[in-house]
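Structure, as structure tokens:
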Amino acid sequence: MSGGSEEGGGFGNGGPRPGTIVDRRPSGGGTSGANGSYVVRDDEDERYYTFDYRQIVTEGFRTIRTGERVRFHISAASPGQAEFVIRLDQPDPAEYYR
């Protein structure tokens, strides 16, 4: 997988990008040893960017699954990194309470 793009925008430099989560790489961190990094493929230019759970913008648990569609920004400080990752396919909360 290649690194990020210097064109097409960091935050404020081209705005949010559409993407798909293509991989999760466990790192063994956190209390349960389940923290890890994720890989998102830009749907427009097909480049790959990595991020960790801290970049997932949500209320509650910060989790994401392979195959989910997201919107993200390319980090201006680290062009191979995604930041401000927002899930587009939000699950129905009722599904968790059945």
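The values are calculated or read from the model by the stated rules, or taken from the named source; none is laboratory data. Fair warning: this is a prediction, and the values are worked out from it, not measured in the lab. Positions of Cβ are generated from backbone atoms using ideal geometry, with glycine treated the same way; all protein chains shown enter the neighbour counts. Ligands, DNA and RNA are excluded from the accessible area calculation, which covers all protein heavy atoms including side chains. Shrake-Rupley method; radii C 1.70, N 1.55, O 1.52, S 1.80 Å.
Among the conditions (1) modelled with pLDDT of 95 or more; (2) outside any strand (DSSP E or B), the only one that Glu83 does not satisfy is (2). Of the residues making up the range 69-98, those that are farther than 14 Å from Gly15 by Cα and open to solvent by 60 Å² or more (accessible area, probe 1.4 Å) number 12.
Starting from the range 65-89, keep only residues that are more than 16 Å from Arg25 (Cα to Cα), then list their pairs with residues that are in a strand (DSSP E or B) and of a type in the set (Asp, Glu) whose Cβ atoms are within a distance under 6 Å, requiring at least 6 positions of separation or different chains. Hits for this filter: His73/Glu83; Ser75/Glu83.
For the range 40-68, filtered to residues that are of a type in the set (D, E, K, R) and either touching a helix residue (DSSP H, G or I) at 6+ places or on another chain (Cβ under 8 Å) or assigned to a helix (DSSP H, G or I) (or both), the residue that is least open to solvent (accessible area, probe 1.4 Å) is Arg62.
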